[in-house]
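Structure record follows, encoded as structure tokens.
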Amino acid sequence: MLKRNEEILDFLAEGIFTVDKNFIVNYFNKAAERITGFTPDEVKGRKCKQIFQSDLCMDKCPIAEALSMGKNLFDLKSKIRKKDGTLVNVKLNVGILRDENQNPIGGVITFRDLCYLVNNECENFDHFYGIVGNSRVMTNIFNLIQEIAYTDTSVLITGETGTGKEMIANAIQATSRRKNEKYIKVNCAVLPPSLLASELFGHSKGAFTDAIKDRIGRFELADGGTIFLDEIAEMPIQMQAQLLRVIQEGTFERLGESITRKVDVRIIAATNVDIKEAINAGRFREDLYYRLNVIPIEVPPLRERKEDIPFLINHFLKKYNLIYKKEIKKIEKDALEVLMAYQWPGNIRELENVIEYAVIRTKSEESLTLCSLPEFIFEGMTTCIKKQNQNISPARLLQLLEENRWNKSKVARLLGINRTTLWRWMKESNLI
């Protein structure tokens, strides 16, 4: 009978595995093998958390949660690691297995791969702890963040302004074993050197003018947790020696005080500066760089991961629909093509501003169009846009004219053509 039941489970398209009360895998069906790449012999007798490294396991094990709540869980979205090391997006259900006396003896997990074809598109997650991205380079970063979740190693995040370095830092902290401890952020470029030293390490009463009482610093405040030092390359060179000492020895002194204090803090640093160039110019200590750069993460500019742009647009559409109380569902193909062609020097921050601008200019329940985009987006794209609009319909041309109050110069600029060509198109469309 048991063998017959297993044959039935092997017939199902959903992956299924069961665990005992110690989370040891004791059954693994054919679909689970197909989705993950693991064979039953490779997973049986091992803890499921060690095998699949699900992002849910980093927070709260769904099996443990089901057992503690005494009820089944449904439609949980997660990522699990396949045998080849890649992550696969899944939706899973968790059920409680009970003995004849209704005592819980383990759990059963069913899951399916969310990457299936629907109208030639792959349904994928586009969020990782708030970070939007499905490109290979971003997936590699997400994988790395999960791989370092159980370490306290220093991390140095580099990348251009607007690429989302702080969000990467937030994800590192959120997946770490210090996630429930204090998380302190400091922008090293905001404060002058004297105040920055006080912010980081604190000061004693009378250490300087206006120091009317003892003050605890950010490192001391973050003891046991994590500190994020943004714009680390802007830290004065003399203060970098103090930071190096904290990393090496876990000790520091407040300003104006000789008492040595100990602190246990994980450091995540970020910069948009070329650190190697700063070292050569004598603005950054090489020894500090090597201490911070144990785990380097380089966040790519948006122009190098343009496949993420549609996901980002969708994310920002939802955000600004909510803020401006609109129901814009999509972006027109020609507008999307223009956004895909743009080089985005301001990266994700610039894209967000553009989408907010477009949402404001678009009526509720309509689509974002070329006309709703800011004019600077079209600079240098005349040939591209002209090619896209060679076959513009009379209805579309009329719509553009009406949306721009029949400003022919503006419509011609949007279409990447001159006014003479626009007049000819209008005449052929019986609009003049």
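Key figures for this structure:
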{"read-out": "5 angstrom amide H check on LEU368, placed H, neighbours 5+ away", "value": "LYS330, ILE331, GLU332"}
{"read-out": "Ordering of 419-429, 29-39, 295-305 by burial proxy (mean other Cβ atoms within 10 Å per residue, highest first)", "value": "29-39, 295-305, 419-429"}
{"read-out": "Listed residue pairs exceeding 19 Å between alpha carbons, taken from LYS21/LYS60; LYS44/LYS77; LYS47/LYS82; LYS49/LYS185; LYS49/LYS91", "value": "LYS44/LYS77; LYS49/LYS185"}
{"read-out": "Ordering of 250-258, 182-190 by packing [mean C-beta count within 10 Å, highest first]", "value": "182-190, 250-258"}
{"read-out": "Relative contact order of region 303-428, defined on C-alpha pairs under 8 angstrom at six or more residues apart (%)", "value": "23"}
{"read-out": "For region 191-198, Karplus couplings with θ = phi - 60° (6.51, -1.76, 1.60), whole Hz, Gly/Pro x", "value": "9, x, x, 5, 6, 5, 4, 5"}
{"read-out": "Built amide H within the under 5 Å cut-off of VAL265, gap 5+", "value": "GLY224"}
{"read-out": "Neighbourhood charge, 10 Å Cβ-Cβ cut-off, centred on ALA241 and excluding it, Lys, Arg +1 and Asp, Glu -1", "value": "+1"}
{"read-out": "Overall form of the chain per C-alpha gyration tensor (a/c, 1.5; a/b vs b/c)", "value": "oblate"}
{"read-out": "Ordering of 277-286, 365-374 by burial proxy (mean other Cβ atoms within 10 Å per residue, highest first)", "value": "365-374, 277-286"}
{"read-out": "Nearest-20 debye value, region 40-101 charge dipole, Cβ charges on Lys, Arg, Asp, Glu", "value": "180"}
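Throughout, read-outs are computed from the coordinates displayed, never taken from laboratory work. What you see is a predicted model, and the numbers here were worked out from it, not measured in a lab. Reconstructed Cβ throughout: ideal geometry from the backbone, glycine too, with neighbour counts over all protein chains shown.
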